[in-house]
Amino acid sequence: MAMKKSEMEDHARQYDVLIGEALAAEEAQQPRLALEKAVACLPHVDGMMRFERKYADAEFESVRAIDLVLKYAPLLFERAALNEVHHLLNDTRLVERHTSHCLADKLHAAQTRMWQAHRLWDHLERNPNCRMDELLDSLSGEEVIWQSFVALWESMELVHRKREGRTYRLSLRTMMSAVVAAKCPSCGYLVNAAKSACLVAKRCPSCASSVMFVIVPRPARPKGKV
């Protein structure tokens, strides 16, 4: 869709403000706020890139806002944020075309990291006070991946690490089995569901869509269960 220069410039301006706030939040070790601001950038990515390419001769290896979403969404179990990136790349082909990195591949890698994060969280729930140096034996994969997950979760006070010799004992501060309020992204129907149930597609009792329910602040009375 064609854009006027004023429209592209406005998108570029709003993107600059939001990405600045996202990077400041990351610097302040507030990953959830950084993710929120990065997601808010996404509607402005296309216009920003058009403006920068046309009026500043800019070239893009990647897009910082997208990179931030792909970095933090998997570890925060924010599938809706990954879906936003998916829709952007599908609906606005120019974004992918005008970056030298393959954003679709990076999105796929982020989706894989989300399931790795889910595996680790499930392991921590099933094995309270497990040793950090035993994660590789239990989960395989790369040790640095599990260590990076634990480090971020600890910074958010989701995981507690207790020094034991040369390693740590790990314990959770919250449980994926805890019941939360969640909303159907298609029709807005509110339900009670375990946190883990929000990581897989479920049939909405109201609109019958197969969706990933989105965790929301608990309302007074959710209507159903999934």
Does Lys202 fit the bill of being charged (D, E, K, R), surrounded by 15 or more Cβ atoms within 10 Å (Cβ to Cβ), closer than 30 Å to Leu136 by Cα and modelled with pLDDT under 85? no
Residue check, Ala197 among the hydrophobic types (A, V, I, L, M, F, W, C), in contact with a strand residue (DSSP E or B) (Cβ under 9 Å, 6 or more places away or on another chain) and in a strand (DSSP E or B): no
Would you check which residues across the range 53-83 are under 27 Å from Lys183 (Cβ atoms) and of a type in the set (Lys, Arg) and list them? Lys71, Arg79
Restricting attention to the range 22-32, the residues that are more than 13 Å from Ala73 (Cβ to Cβ) and either surrounded by fewer than 16 Cβ atoms within 10 Å (Cβ to Cβ) or under 11 Å from the mean Cα position of the chain (by Cα) (or both) number exactly 4
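Yes/no per residue for (1) polar (S, T, N, Q); (2) farther than 21 Å from Pro31 by Cβ:
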| site | (1), (2) |
| --- | --- |
| Ala80 | no, no |
| Asn83 | yes, no |
| Asn90 | yes, yes |
| Arg93 | no, yes |
| His98 | no, yes |
| Met114 | no, no |
| His118 | no, no |
Flagged in the range 93-131 as in the same structural domain as Ala80 (by TED's automatic domain parsing), of a type in the set (D, E, K, R) and exposed (fewer than 12 other Cβ atoms within 10 Å of the Cβ), in numbering order, are Arg93, Arg97, Asp105
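The values are calculated or read from the model by the stated rules, or taken from the named source; none is laboratory data. Everything numeric here is computed off the predicted structure, so don't read it as measured data. Glycine gets a Cβ as well: all are built from the backbone with ideal geometry, and neighbour counts include every protein chain shown.
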